[in-house]
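What follows is a set of notes on a single structure, which appears directly below.
The values are calculated or read from the model by the stated rules, or taken from the named source; none is laboratory data. In this text, all values refer to a predicted model and were calculated from it rather than measured experimentally. Please note: Cβ atoms are built from the backbone with ideal geometry, for glycine as well, and neighbour counts cover all protein chains shown. Each accessible area value is taken on the protein alone, full model and side chains, heavy atoms only, with ligands, DNA and RNA left out. Shrake-Rupley method; radii C 1.70, N 1.55, O 1.52, S 1.80 Å.
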Amino acid sequence: MSRETLINIALAAILLAVPIWAHFADEPFIITLSTKVAILALAGVGLNLALGLGGLVSFGHAAYFGIGGYAMGILASHAQDYTPFMEWPFVIEGTNQMPIIWLVAVVMSGLAALAIGALSLRTSGIFFIMITLAFGQMFYYFAISWTAYGGEDGVSIYVRNEFPGLNTLDAIQFFALAFTALMLALIFSSRIAKSRFGLALTAARQAEQRVETVGIKPFQLRLTVFVISGMITGLAGALMADLNRFVSPVMLSWQTSGEIMIFVILGGVARLFGPVAGAAMFILMEHILGGFSEFWHGWLGLVLLLIVLFARGGLIGVLAGKEKADG
Amino acid sequence: MDILQLLIGGIANGCIYGLVALGFVLIYKATEAVNFAQGDMMMIGAFITLTMVNEEWWGLPFGIGVILAIVIMAGLSYLLEVVVIRKLFGQPQFAVVILTIALGFVLRFFAGVIWGHDPQSLETPFAGKAFDIGGLILGYDEAVVIIATAVLTISLYFFFQRTRLGVAMQAASQNQLAAYYMGIPVKWISSMIWAVAGVTATVAGILFAAKGAIDPASGLLGIKAFAAAVIGGFGSLPGALAGGLIIGIVEPMAQYFAPPGYSQIMPYAIMLIVLVVRPNGLFAQIQQKKV
């Protein structure tokens, strides 16, 4: 087993052990923090597929995160008010069932990623960064002016949605859901990276012309990975909305896109567990530094500067050393 | 009349966006780095000027304060390139993006610690007065913004066309390797470009703080200036200015004519349309340069 695999297992074990300990020590806040780490890591896993594997610097992943969040907010708010979401041409009721909400979140964010990706993948480099940012901002300002769902104030949901067979109001059970989703996404993304599709993507990232020459279209590969990436981040958004029982346009802002990117960079780009390490570090810093200064972003900025300057593989890179034969 | 009035305000705002966008483009052309902290550099430049000029701080004469602030910001930007940015040479583009975003956090943080988080105005000799041209109000501050932008743009033009350093900068941005072979000190040129971008940011900041008020979060307007730079083609200096003016003018117009909320979408909507129709911007200059 390589050193990185050991570190990955250790990270997963810590993320699982801390809330279980907190459960028995009766520290619900720590369980909530751990759940937050798992969910944000999930969003990062999504972005890492596009950024790490596909080499696509998307600065608009908040769009999918927010779409996932709003899928939950809209469906649950209709269930809460007993008003149908739409009546014509057929009646669609709101719902408070997580599996349905997740499905809607994943499908909607996937569709958004398909549309955004199809347009933005025609460009590359700085223009790709900017066009994804622009789409994200459009969703942000749209949500602000969408008064039907709270506009700038967002939507509050009073009771957490339900999952068959579980009591989601129990913090540790909701954590279990988020943790399972994260682990499944990690297994899925490691499978993708090793599949023919993933190898072709890596090749397209490293030498686009060669890939074209052997008859593979990089555009299609990239669009596919972009959509998958958006779906995973969308699922994270739905979970996040359920954790907070609240959705607001902040989820769609470009700062959120930046934060998701920060998880990936802090932890290590293209490293499987990079987003997990990054999100954990982010939340720890927010919690510890946020305690004595609400402007903890300054410190986050310093840490980021150091990581980008001196630790190119992020946290995982520092712990596990260089990745072998896979740049 | 209303529309003309909006137009004046829009042009003045657009000049500020354009100046910040100019900084983006300068740096991008010369080093292919994208400086997401350009807006925050503007904010720092404004605060330094404010410290020099305002009565509650040092109370220096306005002109001297402005010149000092510009010199200091040029030096700081130069150092920034030497100490931080150069370390990233050869790393993927998003490393610089993240680095400069992080830098923005840090700058905002220090600005908050030093100058506090309340908006402050720059005390200028031209505050609060206005020309009245047949019912049309042109504030001195707006006039100064437009004139200062024009002067700075023209001097930059002559700087790039006529001076040794300017021509060397052009050469380095078109083909670094060839410029290097011709004996141009490319590294030093990159640092100097950052210094020039620092100067344009400071001028933008001074104008911004003179027209309204500045606080540590003001640098976030950089993201709009970014859209301006993209609209203009990201490789073209006149394009950046034009992009800034487009956004500056469209914003108040949209506020006036469109339903509330939509005016904020406009800069990005325009940028999207431009990117979809002309993927390299309105004033595309980069044809072969693939990143």
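Restrict the check to the range B:90-110 and report whether at least one residue is crowded, with 19+ Cβ neighbours inside 10 Å, over 22 Å from B:I223 (Cα atoms) and of a type in the set (V, I, T). Within the range B:90-110, not a single residue is crowded, with 19+ Cβ neighbours inside 10 Å, over 22 Å from B:I223 (Cα atoms) and of a type in the set (V, I, T).
Within the range B:210-228, is even one residue among the aromatic types (F, W, Y), farther than 29 Å from B:A171 by Cβ and touching a residue at least 24 places away in the same chain (Cβ under 8 Å)? Within the range B:210-228, none of the residues are among the aromatic types (F, W, Y), farther than 29 Å from B:A171 by Cβ and touching a residue at least 24 places away in the same chain (Cβ under 8 Å).
Checked against (1) farther than 30 Å from A:G55 by Cα; (2) within 14 Å of chain A (Cβ to nearest Cβ), B:T124 meets all criteria but (2).
Of the residues making up the range B:202-217, one or more are among the hydrophobic types (A, V, I, L, M, F, W, C), assigned to a helix (DSSP H, G or I), within 14 Å of another protein chain (Cβ to nearest Cβ) and within 28 Å of B:G45 (Cα to Cα).
In the range A:296-318, the residues that are more than 7 Å from chain B (Cβ to nearest Cβ) and on the phi < 0 side of the Ramachandran plot form Cβ pairs under 7 Å with partners that are open to solvent by 30 Å² or more (accessible area, probe 1.4 Å) and basic (K, R), at six or more places apart or across chains, as follows: A:G313/A:K322. Residues in the range A:57-76 that are open to solvent by less than 10 Å² (accessible area, probe 1.4 Å) and either polar (S, T, N, Q) or over 27 Å from A:P19 (Cβ atoms) (or both): 4 in all. Can you say whether A:Q220 is within 13 Å of chain B (Cβ to nearest Cβ), over 23 Å from A:R312 (Cβ atoms), at pLDDT below 95 and in a helix (DSSP H, G or I), as far as the supplied structure shows? Answer is no for this residue. Residues in the range B:72-86 that are surrounded by 14 or more Cβ atoms within 10 Å (Cβ to Cβ) and free of Cβ contacts under 8 Å to residues at least 40 places away in the same chain: B:I72, B:L79, B:V84.
Looking at A:A280, is it within 22 Å of A:E4 (Cα to Cα), away from chain B (no Cβ under 13 Å), open to solvent by 10 Å² or more (accessible area, probe 1.4 Å) and modelled with pLDDT of 85 or more?
Details: within 22 Å of A:E4 (Cα to Cα): yes; away from chain B (no Cβ under 13 Å): yes; open to solvent by 10 Å² or more (accessible area, probe 1.4 Å): yes; modelled with pLDDT of 85 or more: yes.
For A:A280, the condition - within 22 Å of A:E4 (Cα to Cα), away from chain B (no Cβ under 13 Å), open to solvent by 10 Å² or more (accessible area, probe 1.4 Å) and modelled with pLDDT of 85 or more - is met.
Here is a yes/no grid of residues against (1) surrounded by 14 or more Cβ atoms within 10 Å (Cβ to Cβ); (2) at pLDDT below 90; (3) on the phi > 0 side of the Ramachandran plot:
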{"site": "A:V91", "(1), (2), (3)": "no, yes, no"}
{"site": "A:N96", "(1), (2), (3)": "yes, yes, no"}
{"site": "A:A113", "(1), (2), (3)": "yes, no, no"}
{"site": "A:I129", "(1), (2), (3)": "yes, yes, no"}
{"site": "A:G136", "(1), (2), (3)": "yes, no, no"}
{"site": "A:A148", "(1), (2), (3)": "no, yes, no"}
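Of all residues in the range A:117-127, those being more than 10 Å from chain B (Cβ to nearest Cβ), part of a helix (DSSP H, G or I) and either of a type outside the set (G, A, S) or crowded, with 24+ Cβ neighbours inside 10 Å (or both) number 1. Against the conditions (1) part of a loop (DSSP other than H, G, I, E, B); (2) touching a residue at least 24 places away in the same chain (Cβ under 8 Å); (3) away from every other protein chain (no Cβ under 14 Å), A:G55 satisfies every one except (3).
Condition check ((1) open to solvent by less than 40 Å² (accessible area, probe 1.4 Å); (2) in contact with a strand residue (DSSP E or B) (Cβ under 9 Å, 6 or more places away or on another chain); (3) within 18 Å of A:L47 (Cα to Cα)) across all residues:
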{"site": "A:A238", "(1), (2), (3)": "yes, no, yes"}
{"site": "A:F246", "(1), (2), (3)": "no, yes, no"}
{"site": "A:Q255", "(1), (2), (3)": "no, no, yes"}
{"site": "A:F263", "(1), (2), (3)": "yes, no, yes"}
{"site": "A:L272", "(1), (2), (3)": "no, no, yes"}
{"site": "A:P275", "(1), (2), (3)": "yes, no, yes"}
{"site": "A:M285", "(1), (2), (3)": "yes, no, no"}
{"site": "A:G290", "(1), (2), (3)": "yes, no, no"}
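Of the listed requirements (1) without any contact (Cβ under 8 Å) to a residue 24 or more places away in the chain; (2) out of contact with any helix residue (DSSP H, G or I) (no Cβ under 7 Å at 6 or more places or on another chain); (3) part of a helix (DSSP H, G or I), B:A179 misses just one: (2). Evaluation of B:I184 against the conditions (1) exposed (fewer than 13 other Cβ atoms within 10 Å of the Cβ); (2) part of a loop (DSSP other than H, G, I, E, B) shows that the sole unmet condition is (1).
Run down A:V308, A:V303, A:V318 and say which single residue is open to solvent by 20 Å² or more (accessible area, probe 1.4 Å) and either assigned to a loop (DSSP other than H, G, I, E, B) or farther than 21 Å from A:A12 by Cβ (or both). Explain how you work it out, then say what you get.
Numbers: A:V308 fails: open to solvent by 20 Å² or more (accessible area, probe 1.4 Å); A:V318 fails: either assigned to a loop (DSSP other than H, G, I, E, B) or farther than 21 Å from A:A12 by Cβ (or both).
One residue alone meets the criteria, A:V303.
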